Amino acid sequence: MLPGPSAAQCCAPAAGLDPALDAERIAAAAKVLAEPLRVQILDVLRRSDEPVCQCELIALFEVKQSLFSHHMRKLVDAGLVDVERRHRWAYYSISPDAAKELSTWLS
């Protein structure tokens, strides 16, 4: 066998590792988005100019309050969605920082 460059020399990606990448955060967001209902909720929020009331989302997706709360808690805990309480209602919107971070990473 002829001597040649080691695997590390010839197979290393040209871009290398990004020290600013928060891989743990991106992976956590991806895990949360592995549920189709959460992706659909996020899409509705993404396309809305104003925060959306929980009552509108529950009616739109025809889910029980408990199931809706479970999914929204996951989205909020992952930092993908912001929640604002107005009296007895919760209003949800896309977290601008999370949207920017995911968009930047994916592009």
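Since every read-out is calculated from the coordinates, none of them should be taken as a lab result. Computed from a predicted model, the values in this text were never measured in an experiment. Don't worry about glycine lacking a Cβ; one is built from the backbone with ideal geometry, like all the others, and counts go over all protein chains shown.
Which of Leu67, Leu80, Leu33 has the fewest other C-beta atoms within 10 Å, and how do the rest follow up to the most?
Leu67, Leu33, Leu80
Setting aside same-chain residues fewer than 8 positions from Lys64, which aspartates and glutamates have a Cα under 17 Å from its Cα?
Lys64 reaches Glu35, Glu56.
Provide His87, His70 in ascending order of the number of other Cβ atoms located within 10 Å of each residue's Cβ, fewest first.
His87, His70
For each of Arg38, Arg47, count neighbouring Cβ atoms within 10 Å of the residue's Cβ, then give the residues from fewest to most.
Arg47, Arg38
Step through the residues of the range 51-62 one at a time and calculate ³J(HN,Hα) from phi using the Karplus curve (6.51 cos²θ - 1.76 cosθ + 1.60, θ = phi - 60°), rounding each to whole Hz and writing x for Gly and Pro.
x, 9, 5, 4, 5, 5, 5, 4, 5, 4, 8, 6
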